[in-house]
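Beneath this line is the structure, given in structure tokens, with notes to follow.
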Amino acid sequence: MAGTSPAATKWDAKEFSPRYGQDFRAGANRVKIRRFKMRQIAQALCAAAVAFAAAGSVDAATLDTVKQRGVLNCGANGTLPGFGLPDSQGNWTGLDVDFCRAVAAAIFNDAAKVKFIPTTASNRFAALQTGDIDVLARNTTWTLSRDAQGLNATGVNYYDGQGFIVRKALKVNSALGLNDAAICVQQGTTTELNLADYFRANRMRLKTVTFATLDEALKAYETNRCDAFTTDASGLYGSRLKLAKADDHVVLPEIISKEPLGPFVRQGDDQWFDIVKWVHFAMLNAEELNVNQKNVEEQMKSQNPEIKRLLGTEGNFGEQLGLTKDWVYRIVKLVGNYGEVFDRNVGQGSPLKIARGLNALWTKGGIQYAPPIR
Amino acid sequence: MARPWESAPGVPFYRDPKYRGIALQIGVCAALAYLAYIAIQIAADNLARSHVASGFGFWNVTAGFDISQTLIDYSPQSSTYGRAFWVGLLNTLVVAAVGIVLATILGFAIGVARLSRNYLVERLATCYVESIRNVPLLLQLLFWYNAVLNALPGFAASFVLPGGVLLNNRGLFLPRPLFGDGAQIFAVLAGAVLLAVIFNRIMRRRKGFWGAIGIRAAFTLAIAVALPVIVLSVTGTRIAFDYPQVSRFNVRGGLEVLPEFVALLLGLVVYTAAFIAEVVRAGLMSVSRGQTEAALALGLTRLQTLRLIVIPQAMRVIIPPLTSQYLNLTKNSSLAVAIGYPDLVQVFAGTVANQTNQPVEVIVITMLVYLSFSLSTSLVMNIYNARYALVER
């Protein structure tokens, strides 16, 4: 306290007087000092409150935040082969992982400027809504309630459906033969609800054993706790490879639900919503126009007006989104078109060898269809 | 003469330490309340801005997911999220209650064993305590779960135990008693137990033949068990059983004990017992050696010394930390989520929070539940402690 004001020093001795409060002049001075301190404290409190308020709110302009940060925060799976999984060196691979790289490529012209943040089925939406991640690409099913409750699905990068895997020794060849079976499932997913619905609709009895993560559920299935394991079909193929004896298990033919999986953003930032949505469409359009990683340099010289608009040699479509004219060139050059990404991660170029099926382009018998860039 | 609420003469109230103290406390409380208000306000604003639904409307919405262990009626098609909450709550309570009882028994046994004069017993108990309490509980749970699942035979090769009991890696299946006239049987049972307790109370003060503890215990047990059996067989009431039946994949009917429950219970009991053992050891050691020697000199047996002299005094030291261990066990039961036991956290804070996308409400409710569990356990133990505490004269 001494030294706060020169006047205070003079009466320092009295500070230690047991008859504290007897000397009015000293007291008055102390009160003044205290008032001064109170004001400081009040100011500090106000500042803290404002800082707290600012920290608590989610910034509206996600693109600016991402640019400022210099890196895209991507909520990824972390445990699902083909969709999101780091290898032993910490290199992430997967369809969803490459989607985030494509977004980073479009913004930074550098596909490596992504920080992958592993999320669980249970915490993924909270992570997105609190601003911990900018985009959630974690094989997440597009549903009405998710759209209505503060999230926006930006499209479908994988059309999936829920299936079952069982031991061959069980001699079951249809999901309808699973009456009374114990089934291992991951919690906090649409899977859990579809499972109960399917058994109810087919008047079958069910014993669900629910686990927090996919790996725990799979492990329990493997130790024979359950007769079947259920998740999205894409996940079943990946999970099957994780089993010690993959050949002892078989994926049943029934697909019991629609699972359109796609990247999500939070509501309230239309520009960011548009960017993430159009990165996917750009990758589809690139495949449709046969623009790929190998030929993209040549295609820059193409006279085809659609390719010119796609690669930004004509028009300013990227700029309309808040990006650059060559945004698609960056995506294709650094990451690839949708077909390439699919093949590399889940298709014929991967251990999963999943057929394109519904995920083929609309021109090739599938339902992947992107609106035009114009 | 100065009255207590008046400042010393000539001192304005704002310089009086007493008033200042009061003002400071009011100030701190107000600041805390304000901070809490701001936090809630910000949370509400952010939720509203990101269009997250709020409120408790989800409580009465149909849940639509299945739960593996339900102590009350529950079905995915007709039960609500609110019902799912109660299912999870009861599952937590049952594992905590059984766990507390078993951990107490095991913990006391180990704690006494650590003070044993038998070298082997003492060493074994020490090894137990040191190895168990130094390994994280989550790992132990995973160990027990895999141990339980791997040790038990597959469904097709179930162990068939006497009395129609089946044991396999899907669980332990017991015959479930079906009471034709449930109320009647319960009344007889309750009456017999009450009689036994009264008998025990009266006989406790007797000496001679009835004074021997063995005789008294035998008669008490006979009243509690034999009496209802005689009454029920005379009146001709029969208890029917719902026996577990083997079906295509599973066991139907009967009373089912999940392997997840067993693994969680084992993990919690073994882990908490190690801590309770240390608490008990500390308690017993707090009673000075002189007391034991004095008791023995007076001609009390070792058992009597323990029962009448050492334990009552040790309990004063044991109860407060024992309460903490009970609280820990209850809270640790939330690790159930790792091994698929449907406790409150797994069902409510996991599935319900995710399906409704209302984590704030759900987590607040869950925290309140654990808080009230803990406070009520504390309350009971404090009452017990007050009765056992040293009365100073």
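The values are calculated or read from the model by the stated rules, or taken from the named source; none is laboratory data. No experiment lies behind these values; they were computed from the predicted model shown. Cβ atoms come from the backbone with ideal geometry, glycine included; neighbour counts cover every protein chain shown.
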Of the criteria (1) small (Gly, Ala, Ser); (2) modelled with pLDDT of 80 or more; (3) within 30 Å of A:Leu170 (Cα to Cα), which one B:Ala190 fails: (3)
Of the conditions (1) surrounded by 12 or more Cβ atoms within 10 Å (Cβ to Cβ); (2) at pLDDT below 85; (3) outside any helix (DSSP H, G or I), B:Asn200 fails just one. Which one is it? (3)
Could you please let me know if A:Ala175 is touching a residue at least 40 places away in the same chain (Cβ under 8 Å), of a type in the set (Gly, Ala, Ser) and farther than 30 Å from A:Gln271 by Cβ? yes
Kindly provide the set of residues from the stretch A:263-279 that are buried (at least 23 other Cβ atoms within 10 Å of the Cβ) and either assigned to a helix (DSSP H, G or I) or more than 14 Å from chain B (Cβ to nearest Cβ) (or both), ordered by number. A:Pro263, A:Trp272, A:Ile275, A:Val276, A:Trp278, A:Val279
Selection count, the stretch B:258-298, where residues are within 14 Å of chain A (Cβ to nearest Cβ) and in a loop (DSSP other than H, G, I, E, B): 1
Residue check: is A:Glu216 within 22 Å of the chain's Cα centre (by Cα) and free of Cβ contacts under 8 Å to residues at least 40 places away in the same chain? yes
Provide a single number: the residues in the stretch A:217-227 that are surrounded by fewer than 21 Cβ atoms within 10 Å (Cβ to Cβ) and at the interface with another protein chain (Cβ under 7 Å from one of its Cβ atoms). 2
With criteria (1) assigned to a loop (DSSP other than H, G, I, E, B); (2) modelled with pLDDT of 90 or more; (3) away from every other protein chain (no Cβ under 12 Å); (4) closer than 22 Å to B:Arg170 by Cβ, A:Ala244 comes up short on (2)
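May I ask you to say which residue of B:Leu306, B:Leu284, B:Leu322, B:Leu266 is over 26 Å from A:Gly188 (Cα atoms) and at pLDDT below 90?
Just a single option satisfies the conditions, and that option is B:Leu306.
Each row is one residue, and each column tells you yes or no for (1) under 15 Å from B:Ala338 (Cβ atoms); (2) part of a helix (DSSP H, G or I).
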| residue | (1), (2) |
| --- | --- |
| B:Ala113 | no, yes |
| B:Ser116 | no, no |
| B:Arg123 | no, yes |
| B:Tyr128 | no, yes |
| B:Ser131 | no, yes |
| B:Gln140 | yes, yes |
| B:Phe143 | yes, yes |
| B:Leu149 | yes, yes |
| B:Pro153 | no, no |
Scan the stretch B:315-367 residue by residue and report those that are away from chain A (no Cβ under 13 Å), surrounded by 22 or more Cβ atoms within 10 Å (Cβ to Cβ) and small (Gly, Ala, Ser). B:Ser333
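Table: residues versus (1) among the aliphatic types (A, V, I, L, M); (2) closer than 21 Å to A:Asp227 by Cβ.
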{"position": "B:Leu138", "(1), (2)": "yes, no"}
{"position": "B:Asn146", "(1), (2)": "no, yes"}
{"position": "B:Leu152", "(1), (2)": "yes, yes"}
{"position": "B:Phe159", "(1), (2)": "no, yes"}
{"position": "B:Pro162", "(1), (2)": "no, no"}
{"position": "B:Val165", "(1), (2)": "yes, no"}
{"position": "B:Arg170", "(1), (2)": "no, yes"}
{"position": "B:Pro177", "(1), (2)": "no, no"}
Failed condition for A:Arg266, given (1) among the basic types (Lys, Arg); (2) touching a helix residue (DSSP H, G or I) at 6+ places or on another chain (Cβ under 6 Å); (3) assigned by TED's automatic domain parsing to the domain that holds A:Ala106; (4) closer than 25 Å to A:Ile354 by Cβ: (4)
Qualifying residue in the stretch B:28-37 (condition: exposed (fewer than 14 other Cβ atoms within 10 Å of the Cβ), within 33 Å of the chain's Cα centre (by Cα) and away from chain A (no Cβ under 11 Å)): yes
Can you say whether A:Thr231 is out of contact with any Phe, Trp or Tyr (no Cβ under 7 Å at 6 or more places or on another chain) and under 16 Å from A:Asp160 (Cα atoms), as far as the supplied structure shows? yes
For the stretch A:128-214, please list each of the strands (runs of 3 or more DSSP E) lying entirely inside it that holds at least 3 residues being facing another protein chain (nearest Cβ under 10 Å) and more than 21 Å from A:Val276 (Cβ to Cβ). A:182-186, A:207-211
Being polar (S, T, N, Q), assigned by TED's automatic domain parsing to the domain that holds A:Val279 and crowded, with 20+ Cβ neighbours inside 10 Å narrows it down to one residue among A:Thr130, A:Thr208, A:Thr141, A:Thr190; which is it? A:Thr141
For the stretch B:222-266: of the residues being surrounded by 17 or more Cβ atoms within 10 Å (Cβ to Cβ), assigned by TED's automatic domain parsing to the domain that holds B:Ser158 and small (Gly, Ala, Ser), which is farthest from A:Asn179 (Cα to Cα)? B:Ala263
For the condition in contact with a strand residue (DSSP E or B) (Cβ under 6 Å, 6 or more places away or on another chain), outside the structural domain of A:Leu241 (by TED's automatic domain parsing) and farther than 21 Å from A:Glu259 by Cβ, what is the one hit in A:Glu340, A:Glu288, A:Glu319? A:Glu288
Say whether the condition of being among the acidic types (Asp, Glu), farther than 24 Å from A:Gly268 by Cβ and more than 11 Å from chain A (Cβ to nearest Cβ) is met by at least one residue in the stretch B:47-69. no
So, in the stretch A:355-374, exactly how many residues are outside any loop (DSSP other than H, G, I, E, B), crowded, with 16+ Cβ neighbours inside 10 Å and more than 23 Å from the chain's Cα centre (by Cα)? 1
